[in-house]
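Reading through the structure tokens given below for one structure.
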Amino acid sequence: MGNYDKYTYKTIWSEEDQEFVGLCEEFPSLSYLNPDRHQAYEGIVNLAKDVILDLKSTDEPIPKPHYLDRLHQLTS
């Protein structure tokens, strides 16, 4: 499927929206809002999976997990 499970995800509280926002570092334009923090996290992970499937179906590049870049910097 891809490296979606190796991406960097986080949830933060949005005072403006009064909901949690799920974010993915490798896809900065994506977000997922939900009043429940765990559902916001699950939502952004599923959204990233869907985007990866779409990118694969159109032969577009899929972002590498950022941890690989950090690991390379640490070992160089």
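Bear in mind these aren't lab numbers, they're just calculated from the coordinates by the rules spelled out. The model shown is predicted, which means the values in this text are computed figures rather than measured ones. Every residue, glycine among them, receives a Cβ derived from its backbone with ideal geometry; neighbour counts consider all protein chains shown.
Things to note:
- Residues with amide H under 5 Å from that of residue 20, placed H, sequence gap 5 or more: 14, 34, 36
- Treating each Cα of the range 4-75 as one equal point scatterer and applying the Debye formula with no solvent, the log10 of I(q)/I(0) at q = 0.16 Å⁻¹ comes out as -0.60.
- Between 30, 43, 3, the Cα set farthest toward the positive side of the dipole of the range 1-59 (charges on each charged residue's Cβ, about the Cα centre) is that of 3.
- Ordering 42-50, 55-63, 26-34 by mean Cβ neighbour count within 10 Å, with the highest value first, yields 42-50, 26-34, 55-63.
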